[in-house]
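Peer 1: I have a structure here, written as structure tokens, and I will follow up with some questions on it.
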Amino acid sequence: MDDLTADRTPEAYLSNLRIRGCVGTSLVDDKPTAYSFPQGSLPLDKLSLDGTWTAGYEHFVAGPDARLAFAYRAKNANLVLAGTGKVTVLVNGETTRTIDVSGSPTLYRLTDDRSARNAHLELRLDEGLQAYAFTFG
């Protein structure tokens, strides 16, 4: 039901076949590749990669210095992650939390605000972590 999410960023899949709204360096399928954030600010509902990532069919795998940015509108942002490591969450340039990831794909809450707002999310992921899909509430 589209009216339930009309004022929020839509879910986004980190899949080389299903991704939409990725800006910056073009994706390379199933091969570790160095990516760079685009110059300037990220448009709303767009995401970008920086550092080394492997873009696969079901998920993206973080390599050395992996970062992911997403400009979103929502009350909260969530990401399905797997593997073992840490994710540092920055909102509008400020570190808000560090998440310990361990095990099979699990939904992790990245942000939790009192009301929907526009924000710039940056994630810094440990090498080897797998990222699957963003959801917004």
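Peer 1: Among all residue pairs at least 6 apart or on different chains, which show Cβ distances below 7 Å where the first residue, located in the stretch 112-133, is charged (D, E, K, R) and the second is open to solvent by 40 Å² or more (accessible area, probe 1.4 Å) and in a loop (DSSP other than H, G, I, E, B)?
Peer 2: Qualifying pairs under 7 Å: GLU127/PRO64.
Peer 1: Moving on to the next point. Answer yes if at least one residue in the stretch 62-70 is out of contact with any Gly (no Cβ under 7 Å at 6 or more places or on another chain) and more than 15 Å from ASP126 (Cβ to Cβ), and no otherwise.
Peer 2: For the stretch 62-70, residues out of contact with any Gly (no Cβ under 7 Å at 6 or more places or on another chain) and more than 15 Å from ASP126 (Cβ to Cβ): present.
Peer 1: Give just the number: which of (1) under 27 Å from ASP112 (Cβ atoms); (2) modelled with pLDDT of 95 or more; (3) touching a Lys or Arg at 6+ places or on another chain (Cβ under 8 Å) does THR54 not satisfy?
Peer 2: Exception for THR54: condition (1).
Peer 1: Being open to solvent by 40 Å² or more (accessible area, probe 1.4 Å) and closer than 17 Å to ASN92 by Cβ is the filter here; which residues of the stretch 121-137 pass it?
Peer 2: ARG124
Peer 1: If you go through the stretch 96-120, how many residues are open to solvent by 80 Å² or more (accessible area, probe 1.4 Å) and in contact with a Phe, Trp or Tyr (Cβ under 8 Å, 6 or more places away or on another chain)?
Peer 2: Selection size over the stretch 96-120: 1.
Peer 1: In addition: Give the number of residues within the stretch 75-90 that are under 21 Å from PHE37 (Cβ atoms) and within 12 Å of the chain's Cα centre (by Cα).
Peer 2: 7
Peer 1: Follow-up question, since we're still on this one. If a residue has to be part of a strand (DSSP E or B), open to solvent by 20 Å² or more (accessible area, probe 1.4 Å) and not acidic (Asp, Glu) to count, how many in the stretch 84-95 make the cut?
Peer 2: Looking only at that region, the number is 4.
The values are calculated or read from the model by the stated rules, or taken from the named source; none is laboratory data. The structure displayed is predicted, hence computed values, not measured ones. Virtual Cβ from ideal backbone geometry, glycine too; neighbours counted across all protein chains shown. Side chains are part of the model used for accessible areas, which takes the heavy atoms of the whole protein and leaves out ligands, DNA and RNA. Shrake-Rupley method; radii C 1.70, N 1.55, O 1.52, S 1.80 Å.
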